[in-house]
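*Asks:* First the structure, then my questions, so here it is.
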Amino acid sequence: MDLKQPALIDEVAAVPPAGEPGASALAARRWLVPHCVFKSADAEETRAYVVGLFDSPHRQRVVGRGSEVMSRIESVKAGSITLSCVEYGTSVILDQGVLPGVLMQFPIRGSVEVRCGKQTMTTSPGNFVVLSPGQPVIMMRSADTAHITLRLSQGRLERFAESLIGEPLRKPIVFDLGMPADQAAGRTMFRLVHHILSEVNQSESALSWSAIVDQIERTLMATLLLSHRHNYSDVIGQPGGPAAPRYVRRAEEYMQAHAHRPITIDDIVAAVGVGARTLSWGFKRYRGVSPLAHLRAIRLDGARKDLARSISQTGSVTDVALRWGFSHLGRFARDYARRFGERPSETLWR
């Protein structure tokens, strides 16, 4: 898309799915009118306000004669979800740079040509776009356009994706740009947005409860991640729950083989090839304990096997404890009793 020579954009009429609260339902009324936060005809004033609203410094160029934009912005926040309606009365080109969050844009009037990273499409009230974080965005908006923008926290979405995948993300999520409104995922997303919009102006809205807002946000994130294509779609949300990642299993094997030696967390990290933070996350997620707690359990099991042999083979309780890396005998006896329900000496003499 050329910032100097904008493409010609034709408006596309909305064709909502039969029986579904789709694009026409979003356009049927001005949902966010009570939440008008900005109106201006000044182009620079509008640009500065949009920069602050979306935390995205960008360039703006008015297309055609004159410099007025006749902009109107309505916005409301629920938890970490931000809903906005942005209207321009004239054609503008917006070079928004890299977005810090995940933006879903639902056109309700007019059309917009969008480029996000290497993907390009023209939106209309019959479809919408998902703008990926970390991707440069350029938009050419035709005159008299309006769309609803829903913004999700990049950090929350990534943490939610990690919980579905079962391991930390190794690179940012990149979504397919377009989602048709007449497909299952698009219809579901429209219904969710329609519900949120219908709640924001209620005097006793469910959105006043943080627990409900949190669940709505989780539903939005799950719908987006599970039904819309992205670079993690092939590994996310596998039936039966995710298995422990390979680095967790490698760490367990290493600890099992070297538990009788004075190994440290640094030794384990070096053996499996991931950072200490990732290793700790994986063990907490899949084993419910820290890596060192898992190592301690392996050592206690080894000590119990030794104590169960004859005393001529194992030596004293102190000998066994020191052999398995327990230098603090009182702590060893306490941990042993918690795990096996008896003192080390009882195992030895039984």
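*Asks:* Going by the conditions given, is Gln119 more than 23 Å from Ile196 (Cα to Cα), in the same structural domain as Val200 (by TED's automatic domain parsing) and within 25 Å of the chain's Cα centre (by Cα)?
*Replies:* yes
*Asks:* Okay, moving on. If I ask for residues that are in a helix (DSSP H, G or I) and of a type in the set (Asp, Glu), which ones from the stretch 36-70 would you list?
*Replies:* Answer for the stretch 36-70, where residues must be in a helix (DSSP H, G or I) and of a type in the set (Asp, Glu): Glu44, Glu45.
*Asks:* Name the residue that is modelled with the lowest pLDDT, counting only residues in the stretch 209-226 that are more than 19 Å from Lys171 (Cα to Cα) and crowded, with 17+ Cβ neighbours inside 10 Å.
*Replies:* If we take residues in the stretch 209-226 being more than 19 Å from Lys171 (Cα to Cα) and crowded, with 17+ Cβ neighbours inside 10 Å, then Val213 is modelled with the lowest pLDDT.
*Asks:* Take Val86 and tell me if it is among the aliphatic types (A, V, I, L, M), over 24 Å from the mean Cα position of the chain (by Cα) and either at pLDDT below 90 or outside the structural domain of Phe128 (by TED's automatic domain parsing) (or both).
*Replies:* The answer is yes for Val86.
*Asks:* Still on this model: Would you be able to tell me the number of residues in the stretch 278-310 that are charged (D, E, K, R) and modelled with pLDDT of 90 or more?
*Replies:* Adding up the residues that qualify gives 2.
*Asks:* Here is a follow-up. Quick check on this structure: which one of Arg299, Arg304 is under 30 Å from Thr278 (Cα atoms) and not hydrophobic (A, V, I, L, M, F, W, C)?
*Replies:* Arg299
*Asks:* Okay, next question. What are the residues in the stretch 227-240 that are at positive phi and either surrounded by 12 or more Cβ atoms within 10 Å (Cβ to Cβ) or in contact (Cβ under 8 Å) with a residue 24 or more places away in the chain (or both), if any?
*Replies:* Gly237 - this is the single residue of the stretch 227-240 that is at positive phi and either surrounded by 12 or more Cβ atoms within 10 Å (Cβ to Cβ) or in contact (Cβ under 8 Å) with a residue 24 or more places away in the chain (or both).
*Asks:* Further question on the same structure: Go through Pro100, Pro133 for me and flag whichever is in a loop (DSSP other than H, G, I, E, B), touching a strand residue (DSSP E or B) at 6+ places or on another chain (Cβ under 6 Å) and more than 16 Å from Leu226 (Cα to Cα).
*Replies:* Unique residue meeting the criteria: Pro133.
*Asks:* Is it the case, given these coordinates, that Ser163 is more than 21 Å from Leu83 (Cβ to Cβ), small (Gly, Ala, Ser) and within 20 Å of the chain's Cα centre (by Cα)?
*Replies:* For Ser163, the condition - more than 21 Å from Leu83 (Cβ to Cβ), small (Gly, Ala, Ser) and within 20 Å of the chain's Cα centre (by Cα) - is met.
The values are calculated or read from the model by the stated rules, or taken from the named source; none is laboratory data. Note that the coordinates shown come from a computational prediction; the quantities given were computed from them, not determined experimentally. Quick reminder, even Gly has a Cβ in these numbers, built from the backbone with ideal geometry, and neighbours come from all protein chains shown.
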